[in-house]
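Colleague: Got a structure for you, questions after.
The numbers here are math on the coordinates, done by the rules we state, and not lab data. For clarity, every value in this text was computed on a predicted model and none was experimentally measured. Heads up, the Cβs are rebuilt from the backbone with ideal geometry, glycines too, and the neighbour counts pull from every protein chain shown.
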Amino acid sequence: MLDSNFQTATSVTGNFERRRAVERLRDGLFDPLGIKLLTMGEARLATAFDRGAAAIEKGRPSHLCLCGAYGQGKSHSLNYIKQRAADQGFVVSYINLDPREIPFHQFKDVYRALMENITLPDNGSFITAWKQYAAQWLALPENREKTCLDLIPEKMPHRFKAILTAMAGKNMAIPNGKKQLKKHARFKPREFPWVLKNALMGKELPAWRLRPALYYRQVSFYRDHSLVCRCSDQYLDAILGMAELFRNMGFTGWVLLFDEGEAIGQARITARSRSYRLLNRMFFPDASGTGFYPVFAFTHDFFHQVADEAYDRVRIRRRRDKTTDTIVEEEQPYFDRDYHAAWKNITVHSLHALSSREWQALIGKLIRLHGDAYNWHPPADELQKAMEGELSKHRGAEARLKLKLLVNHLDLVHQEQFLAEQS
């Protein structure tokens, strides 16, 4: 028996969306409608996410760790949270922590990936939204004596404060007769938007390339500090600052979704040490009220790795003592704390493999969705039994592969029925 919410959702959905959902399931891909209609254990997952969202609304930091074995729906759950977060007014970024492309310990790469994958609730452009918000805020009578810098969170690194200010600013007015002078050789206004956008996204742009845009966009403070960000903590500060900026702009906050978080534990010990320290800052940020809401998907192996780390392990560092001009050996711990003990109280939502009853319900929904998508009347009872039998032959397969098998089965039955009607 299908629940009323599912039947209502399918009846008000267009045929294009229904077919697209089935086609993506057939290819093993995620689809917004498929996630909305076919998520099992939705109530528990929604409650876990909403609890953190409520804390964010009250100005308290929050995080969520989804934990499950391979094939238990971690990626599906993250995509469900992505939709739910957007519906609640969050800015969302979803990335996959592939150690070959986005190694977590090299946090500049993480920052770049998160910025490139920003999705606003209205699917608009962040840069456009920022420029509009800054212009409207500065135009208010009570803000007459204020500058764009008053809008940007204090924790934001100097480089990004300058970039955001320049984005909201206007080019310096230079008379046409003076534009050809040597001192204005760097005045290339057509390049400035590209330079500023790529610098904000974390691309490899040196400071000398950035300075002309800041100068001619009249950023008065850009020379006060270095425009170079070298360490991972600076990029994490930039992310925390961006989350607070989103909140100041009227969004609920910034939900950051990290798939395949277990890759963090597969690196060498020095990389793991840096990654754990960054993770600890994300789980327990120094400041509250930032709108920062990270969500990680881990396998159980990751937490076993954290528990089994040799936190007393040290390495020998050699340095020259300037006073005695001798080489001194010092022991330096790999880890700055016992993270297994420090993370006893992190928020973990455990996923589980779907039960036979949940698979029965999912098959019933899939039959209805396929029938509505292709305008045919599948023999529901007969198909239910046949598909349950097909599923029993592939108990060890991942959920995504099982769904592909079920859709293929429905395709074959649909084709046979069509041919029978034509003959």
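Colleague: State the extension gain, in nm to one decimal, for the chain segment bounded by residue 57 and residue 304, taking 0.36 nm per residue of separation less the distance between their alpha-carbons.
Modeller: 85.6 nm
Colleague: Beta carbons within 10 angstrom, averaged per residue: use that to sort the peptides 244-254, 380-390, 133-143, 149-159, highest first.
Modeller: 244-254, 149-159, 380-390, 133-143
Colleague: Next question. Straight-line reach only, C-alpha to C-alpha below 23 angstrom: list the lysines that residue 178 could link to, leaving out same-chain residues fewer than 8 apart.
Modeller: Result set, ordered by chain and number: 170, 188.
Colleague: For segment 239-249, what does the Karplus curve 6.51 cos²θ - 1.76 cosθ + 1.60, with θ = phi - 60°, yield as ³J(HN,Hα) per residue in whole Hz, taken in order and with x for Gly and Pro?
Modeller: Whole-Hz 3J(HN,Hα) from phi for segment 239-249: 5, 4, x, 5, 4, 5, 5, 4, 5, 4, 7.
Colleague: Under 5 Å between amide H atoms, partner at least 5 residues away or on a different chain: which partners does residue 66 have, H built in plane at 1.01 Å?
Modeller: For residue 66, the qualifying residues are 296, 297, 298, 349.
Colleague: Okay, next question. Could you run the Karplus curve 6.51 cos²θ - 1.76 cosθ + 1.60 with θ = phi - 60° over segment 358-363 and give me ³J(HN,Hα) per residue in whole Hz, x for Gly and Pro?
Modeller: Karplus values, whole Hz, x for Gly and Pro: 5, 5, 4, 5, 5, 4.
Colleague: Rg and Dmax of the chain, using alpha carbons, in Å: what are they?
Modeller: Over the chain's Cα set, Rg and Dmax evaluate to 26.5, 99 Å.
Colleague: Round to a whole angstrom and tell me the spacing of the C-alpha centers of segment 272-296 and segment 101-154.
Modeller: So the two Cα centres are separated by 20 Å.
Colleague: A further question follows. With contacts defined as alpha carbon pairs under 8 Å and 6 or more residues apart, what's the relative contact order of the chain in percent?
Modeller: Across the chain, relative contact order equals 27 percent.
Colleague: Further, regarding this structure: Could you rank the peptides 44-50, 313-319 by their average count of other C-beta atoms within 10 Å per residue, with the highest value first?
Modeller: 44-50, 313-319
Colleague: Continuing with the same structure: Calculate, in nm to one decimal, what residue 26 and residue 386 gain on full extension: separation in residues at 0.36 nm each, minus their alpha carbon distance.
Modeller: Full extension of this stretch gives 127.8 nm more.
Colleague: Hey, got the dipole for segment 341-406? About the Cα centre, +1 on K and R Cβ, -1 on D and E Cβ, debye to the nearest 20?
Modeller: That gives a dipole near 300 debye.
Colleague: Return, ordered by residue number, the residues of segment 310-351 whose backbone nitrogen is under 20 Å from a label point located 7 Å along Cα→Cβ of residue 269.
Modeller: Taking a point 7 Å out along Cα→Cβ of residue 269, the residues of segment 310-351 whose backbone N falls under 20 Å are 310-319, 329-342.
Colleague: Amide H neighbours of residue 253 under 5 Å, at least 5 residues apart or on other chains, H built in the peptide plane: list them.
Modeller: Here 91 satisfy the definition.
Colleague: Among the listed pairs 365/393; 74/155; 82/393, which have their C-alpha atoms separated by more than 26 angstrom in this model?
Modeller: Beyond 26 Å: 74/155; 82/393.
Colleague: Sticking with this structure for a sec: Which is farthest toward the positive dipole end of segment 236-373 among 324, 252, 242, measuring Cα position about the Cα centre, with Cβ charges +1 (Lys, Arg) and -1 (Asp, Glu)?
Modeller: Projecting each Cα onto the dipole axis, the largest value belongs to 242.
Colleague: In nanometres, what is the gap between the two model label sites at residue 181 and residue 108, each 7 Å from Cα along Cα-to-Cβ?
Modeller: Between residue 181 and residue 108, the label points sit 3.6 nm apart.
Colleague: Additional query: At a Förster radius of 25 Å, what calculated FRET efficiency corresponds to the Cβ-Cβ distance of residue 401 and residue 357, to the nearest 0.05?
Modeller: Approximately 0.75, to the nearest 0.05.
Colleague: Next up: Kindly state, to the nearest 0.05, the FRET efficiency for residue 47 paired with residue 170, given R0 = 41 Å and r defined as their beta-carbon distance.
Modeller: Computed FRET efficiency for residue 47 and residue 170 comes out at 0.30.
Colleague: Provide the three semi-axes, in whole Å and in decreasing order, of the ellipsoid equivalent to segment 33-162 as defined by the square roots of 5 times the Cα gyration tensor eigenvalues.
Modeller: Largest first, segment 33-162 gives 32, 20, 14 Å.
Colleague: Which distance in nm do the two modelled labels at residue 314 and residue 338 give, with both placed 7 Å along the Cα-to-Cβ direction?
Modeller: Going from the residue 314 label point to the residue 338 one covers 1.8 nm.
Colleague: I would also like to ask the following. Nearest 5 is fine: what % of DSSP beta bridges in the chain come out antiparallel, could you say?
Modeller: Close to 35 percent.
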